[in-house]
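Working notes for the structure below.
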Amino acid sequence: MKKFPYTEKKDTRSGFGAGLSELGKSNPNVVVLCADLTGSLKMDAFAKDHPERFFQTGIAEANMIGIAAGLTIGGKIPFTGTFANFSTGRVYDQIRQSVAYSGKNVKICASHAGLTLGEDGATHQILEDLGLMKMLPGMTVINPCDYNQTKAATIAIADFNGPVYLRFGRPTVPNFTPADQKFEIGKAVMLNEGTDVSIFATGHLVWKAIEAGEQLAAMGINAEIINIHTIKPLDNSAVLNSVRKTRCVVTAEEHQMNGGLGDSIAQLLARELPTPIEMVAVNDSFGESGTPDQLMTKYGLDPVNIVEAVKKVIARKA
């Protein structure tokens with residue numbers, strides 16, 4: 001099993017903030033809108049350095065999306081920011097009608113996604129956002145795994161023409177991907193080549209998959225681990241090439257089992273290459289208040305559950 005050393009843990013929302021700061025200097029068409037959560041989304045530096053391109057809309061998320069859609073008509077590249085629950089569920093109608101339907105070049109950036117929002121509880125812990133957004137025609141959906149990858153993704157989507165949903169979070173996680181990486185939308189990243197099982201992970205679950213891979217290696221199981229940072233468009237070739245070799249699949253994500261990464265991969269395999277699959281995800285449940293670690297353990301989103309899913313799917317393959 002390949003080793004992934006890291007020197008620090010950092011939150012992915014700070015990667016977003018760092019990416020915005022770079023875009024502020026390099027791309028004069030980038031404008032930023034925030035729904036009263038400037039500090040929480042690490043938009044402070046952009047707001048300070050470029051006040052003429054920063055718009056505080058207040059707790060009026062629907063209005064924020066409408067303004068962003070309008071700004072694209074003048075050639076601007078708007079980045080909107082609030083918590084994932086309010087970035088999607090609260091404003092789904094506005095995103096569908098004003099952004100997706102007409103293909104507006106709006107970047108919908110969402111922090112504090114999933115269970116790792118922690119103590120704020122189920123009302124804020126949206127676990128349906130990837131499904132909501134990937135179902136919109138023409139919407140690109142990105143869920144990076146660490147600080148460096150989130151920063152790179154933030155910079156990359158400014159050059160992409162079309163609506164994008166970028167998801168990130170609050171907790172600190174190992175920052176292990178290269179600082180100088182080139183982020184390619186729709187291109188999966190091979191982390192560890194293996195022959196016994198394909199583990200496709202996204203977001204915070206990528207590091208959990210790496211930890212699971214180390215445990216599996218100690219058991220003599222050689223896991224192929226792939227970082228699916230782009231949920232849509234899915235890297236079909238990377239998925240199918242891996243599965244042709246391993247003949248069984250485990251997916252891992254901080255999201256509902258219905259509608260997430262596992263759902264997308266299962267659909268692909270059902271069409272192209274029927275294969276045993278197990279999904280590590282939240283199973284038709286809302287979250288609750290607790291520390292991020294407590295919740296990830298309670299809802300089965302940890303290395304132990306990935307290992308158990310691998311054992312189960314390998315038995316099914318046999």
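Laboratory data are not the source of any read-out in this text; all were calculated from the coordinates shown. This structure is a prediction, so every number in the text was calculated from the model and none was measured. Glycine gets a Cβ as well: all are built from the backbone with ideal geometry, and neighbour counts include every protein chain shown.
Pairing the Cα long axis of helix 147-158 with the longest principal axis of the chain, what angle in degrees results, from 0 to 90 and rounded to the nearest 10?
Taking the Cα atoms of the chain, the angle to 147-158 is about 50 degrees.
When DSSP beta bridges are limited to those with both residues in segment 189-317, what percentage is antiparallel, rounded to the nearest 5? Spell out each step's value before the answer.
On the way: 3 of 17 bridges.
Bridges in segment 189-317 are about 20 percent antiparallel.
For the chain, set up a GNM with springs between Cα atoms under 10 Å and report which of Asp36, Asp263, Asp284 has the largest fluctuation.
Residue with maximal mean-square fluctuation among Asp36, Asp263, Asp284: Asp284.
Of all DSSP beta bridges in segment 10-174, what percent run antiparallel (nearest 5)?
Bridges in segment 10-174 that DSSP calls antiparallel: roughly 10 percent.
Through the Karplus equation 6.51 cos²θ - 1.76 cosθ + 1.60, θ set to phi - 60°, convert the phi angles of segment 237-246 into ³J(HN,Hα) values in whole Hz; use x for Gly and Pro.
Karplus-based 3J(HN,Hα) across segment 237-246 equals 4, 5, 5, 5, 4, 5, 5, 4, 7, 8 Hz.
Using a simple spin-label model with points 7 Å from Cα along the Cα→Cβ vector, what separation in nm is obtained for Lys312 and Asn29?
Inter-label distance under the simple model: 4.7 nm.
Name the residues whose placed amide hydrogens come within less than 5 Å of the amide hydrogen of Val250, ignoring near sequence neighbours (fewer than 5 apart) on the same chain.
Correct list: Ser198, Ile199, Phe200, Glu278.
Using θ = phi - 60° and the Karplus curve 6.51 cos²θ - 1.76 cosθ + 1.60, what whole-Hz ³J(HN,Hα) does each residue of segment 62-78 get, with Gly and Pro shown as x?
My calculation for segment 62-78 gives 4, 5, 4, 5, x, 4, 4, 4, x, 5, 5, 5, x, x, 7, 10, x Hz in order.
How about segment 237-303: which GluC sites (Glu not before Pro) there are in a DSSP loop, with at most 15 other Cβ atoms within 10 Å of their Cβ?
Passing both the DSSP loop test and the Cβ count: Glu288.
Determine which aspartates and glutamates satisfy two conditions relative to Lys298: a Cα distance under 12 Å, and not lying fewer than 8 residues away in the same chain.
Filter leaves Glu288.
Need one number: % antiparallel among DSSP beta bridges in the chain, to the nearest 5.
Restricted to the chain, the bridges split so that about 20 percent are antiparallel.
Pick out which of Thr172, Thr38, Thr297 has the largest mean-square fluctuation in a Gaussian network model of the chain, springs linking Cα atoms closer than 10 Å.
Thr297
Excluding Val99 itself, what net charge comes from residues whose Cβ is under 13 Å from its Cβ, given Lys and Arg +1 and Asp and Glu -1?
For residues surrounding Val99, the net value is +1.
Kindly give the semi-axes, whole Å and largest first, of the ellipsoid equivalent to segment 10-174, taking each as the square root of 5 times a Cα gyration tensor eigenvalue.
Here the semi-axes work out to 20, 19, 15 Å.
Kirkwood-based Rg over Rh for the chain (C-alpha set), two decimals?
Details: Rg = 18.8 Å, Rh = 19.5 Å.
Rounded to two decimals, Rg over Rh is 0.97.
Tell me the angle of helix 205-218 to the major Cα principal axis of the chain, expressed in degrees between 0 and 90 and rounded to the nearest ten.
Value to nearest ten degrees: 20.
Give the lysines whose C-alpha is closer than 24 Å to that of Lys187, dropping any in the same chain fewer than 8 places away, or say none.
Lys187 reaches Lys2, Lys3, Lys10, Lys104, Lys107, Lys134, Lys151, Lys208, Lys232, Lys245.
For segment 263-279, in order, what is each residue's ³J(HN,Hα) by Karplus, 6.51 cos²θ - 1.76 cosθ + 1.60 with θ = phi - 60°, in whole Hz (x at glycine and Pro)?
4, 5, 5, 4, 4, 4, 5, 4, 7, 10, 7, x, 8, x, 9, 10, 10
For Glu288, list long-range residues whose amide hydrogen, built 1.01 Å from N in the peptide plane, is under 5 Å from its own amide hydrogen.
Hits under the 5 Å cutoff: Ala122.
In whole angstrom, note down how far apart the Cα centers of segment 283-318 and segment 201-249 are.
Taking the Cα centre of each part, segment 283-318 and segment 201-249 sit 15 Å apart.
Please work out the C-alpha center-to-center distance from segment 95-135 to segment 144-168 and express it in whole Å.
14
Quick one: which residues, 5+ away or cross-chain, put their amide H under 5 Å from the amide H of Lys232? H built at 1.01 Å from N.
Val141
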